[in-house]
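Enquirer: Just passing along the structure, written as structure tokens.
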Amino acid sequence: IRIEASQPVNPDWGVAACATGGHFRYVTGLHMFQNVSWDLAFALHARWTDLGAALAGTAGLPALAGSGTLAAGSGNALTLGAARPVSPATLLVGLTKLNAAFKGGTLVPFPNLLVFLATNPGGSLSLPFTMPAGLPSGALLVFQFWISDPLTPAGFAASNGLSATIP
């Protein structure tokens, strides 16, 4: 198996302890398997999924990305880029997808929580957070930013939707 990170930010996987304390490997030149005593196990910690549905603004298509393992107590971040500089930006957080028509675009999450922020002069923002304990494994979180953009037909641009599955 060959694993390569293909994400715009740090990969959501890392080394984990192996129950047996070792691993098997195939030695290409010798055409044989060996039992090796050191640990090469890994674990997938989180699944961030781009749900699409960005609505273009004056700076292009706002892009939302997530990073971190989403494990209880872990450091994570949401990062928004390509948004209108120095503009109000509302983060919508939901527990389910809605995918409803809204302001000429698609409102991806069913909004359970709204967080009011603003983009910086470069048209981006980063929102670091610590994952609280107690969320059940497999729970879904859905995120999307809506950015005030008075030069667009409906006055808003929207990032892509982003879902995160709790490990």
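The values are calculated or read from the model by the stated rules, or taken from the named source; none is laboratory data. Keep in mind it's a predicted model, so treat the numbers as computed, not measured. Every residue, glycine among them, receives a Cβ derived from its backbone with ideal geometry; neighbour counts consider all protein chains shown. Accessible surface areas use protein heavy atoms only, side chains included; no ligands, DNA or RNA. Shrake-Rupley method; radii C 1.70, N 1.55, O 1.52, S 1.80 Å.
Enquirer: Look at segment 148-167 and say how many of its residues are outside any loop (DSSP other than H, G, I, E, B) and either over 26 Å from Gly73 (Cα atoms) or out of contact with any Leu (no Cβ under 7 Å at 6 or more places or on another chain) (or both). Write out each step before concluding.
Expert: Keep residues of segment 148-167 that are outside any loop (DSSP other than H, G, I, E, B), which gives 148, 156-158, 161-165.
Those still in the list that are either over 26 Å from Gly73 (Cα atoms) or out of contact with any Leu (no Cβ under 7 Å at 6 or more places or on another chain) (or both) too: 148, 156-158.
Total satisfying the criteria: 4.
Enquirer: Going through segment 121-167 one residue at a time, which ones are of a type in the set (S, T, N, Q), within 14 Å of the chain's Cα centre (by Cα) and under 12 Å from Ala65 (Cα atoms)?
Expert: Listed by number, the residues that qualify are Ser126, Gln144, Ser159, Asn160, Ser163.
Enquirer: Here is a further query. Check Gly73 against each of (1) touching a Ser or Thr at 6+ places or on another chain (Cβ under 6 Å); (2) of a type in the set (Gly, Ala, Ser); (3) on the phi > 0 side of the Ramachandran plot; (4) open to solvent by 50 Å² or more (accessible area, probe 1.4 Å) and name the one condition it does not meet.
Expert: Answer for Gly73: the failing condition is (1).
Enquirer: Where residues in segment 113-132 are of a type in the set (Ser, Thr, Tyr) and surrounded by 14 or more Cβ atoms within 10 Å (Cβ to Cβ), which of them is farthest from Lys103 (Cα to Cα)?
Expert: So the first thing to find is which residues in segment 113-132 are of a type in the set (Ser, Thr, Tyr), and the list is 119, 124, 126, 130.
Of the ones still in play, those that are also surrounded by 14 or more Cβ atoms within 10 Å (Cβ to Cβ) are 119, 124.
On the way: Thr119: 20, Ser124: 21 Å.
Filtering segment 113-132 for residues that are of a type in the set (Ser, Thr, Tyr) and surrounded by 14 or more Cβ atoms within 10 Å (Cβ to Cβ), the one farthest from Lys103 (Cα to Cα) comes out as Ser124.
Enquirer: Here is a follow-up. Conditions first: (1) over 15 Å from the mean Cα position of the chain (by Cα); (2) buried (at least 16 other Cβ atoms within 10 Å of the Cβ). Leu91 passes all but one, so which condition is the exception?
Expert: All conditions pass for Leu91, except number (1).
Residues are listed down the side, and each one gets a yes or a no for (1) at pLDDT below 95; (2) open to solvent by less than 60 Å² (accessible area, probe 1.4 Å):
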position	(1), (2)
Phe102	no, no
Val108	no, yes
Gly134	yes, no
Leu141	no, yes
Phe145	no, yes
Asp149	no, yes
Ala158	no, yes
Ser163	no, yes
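Enquirer: While we're looking at this one, here's another question. Given the condition free of Cβ contacts under 8 Å to residues at least 24 places away in the same chain and under 18 Å from the mean Cα position of the chain (by Cα), answer yes or no: does some residue in segment 100-111 qualify?
Expert: Within segment 100-111, one or more residues are free of Cβ contacts under 8 Å to residues at least 24 places away in the same chain and under 18 Å from the mean Cα position of the chain (by Cα).
Enquirer: Okay, moving on. When you go through Gly75, Gly68, Gly81 one by one, which is the residue that is at pLDDT 95 or above and not polar (S, T, N, Q)?
Expert: Numbers: Gly75 fails: at pLDDT 95 or above; Gly68 fails: at pLDDT 95 or above.
Unique residue meeting the criteria: Gly81.
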